[in-house]
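For reference, the structure discussed in these notes is given below.
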Amino acid sequence: MLLAIELPRLHELMTAGVVTAVHVTPGTMLAPGASLVDVRVDLSDAAAQDCPPVSWFRVVCGERCVLRALNAAEGSEFAPGARIGLASTAADEAATGDPARAARLTIVGIVGPEIEW
């Protein structure tokens, strides 16, 4: 079964997220808990702040699957819900056609680079 990997909405005011790190390559067998990408979210356009509300998150796989494609590179920007990759439940499955559903993902907050503190 094909699974769409979509960038989750990490905050209600989020309009985009920037990929800051990619942890996997196509062909990788993913287990629950495998790190996919790190994302930087800047909400400073949403409301006036004394300091920019910038947060970092890690998108983590929540099920066993094989990563078939990943179009998220470091520095790329995506809107919430955008498809950033494709996975399948079996390694020998054709990676063509529409995904049956979205892949199960988990989001965790991470500490961003010290330079941005």
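The values are calculated or read from the model by the stated rules, or taken from the named source; none is laboratory data. Predicted, not measured: the structure shown is a model, and the values here were computed from it. Using ideal geometry, Cβ is built from the backbone for each residue, glycine included, and neighbour counts are taken over all protein chains shown. Side chains included, ligands, DNA and RNA excluded: accessible areas come from the protein's heavy atoms. Shrake-Rupley method; radii C 1.70, N 1.55, O 1.52, S 1.80 Å.
Restricting to region 21-48, count the residues that are under 10 Å from the mean Cα position of the chain (by Cα) and among the polar types (S, T, N, Q).
Residues meeting the conditions: 1.
Can we say ALA73 is more than 26 Å from VAL41 (Cβ to Cβ), small (Gly, Ala, Ser), touching a residue at least 24 places away in the same chain (Cβ under 8 Å) and open to solvent by 50 Å² or more (accessible area, probe 1.4 Å)?
So ALA73 does not fit the description; no.
What number of residues within region 76-93 satisfy the criterion of being loosely packed, with under 15 Cβ neighbours inside 10 Å and either in contact with a helix residue (DSSP H, G or I) (Cβ under 8 Å, 6 or more places away or on another chain) or not in a loop (DSSP other than H, G, I, E, B) (or both)?
1
Within region 76-89, track down each residue that is of a type in the set (Val, Ile, Thr) and either under 16 Å from THR20 (Cβ atoms) or without any contact (Cβ under 8 Å) to a residue 24 or more places away in the chain (or both).
Matches in region 76-89: ILE84 only.
Please enumerate the residues belonging to region 103-117 that are farther than 16 Å from VAL37 by Cα and either at pLDDT 90 or above or among the hydrophobic types (A, V, I, L, M, F, W, C) (or both).
Scanning region 103-117 gives ILE115, TRP117.
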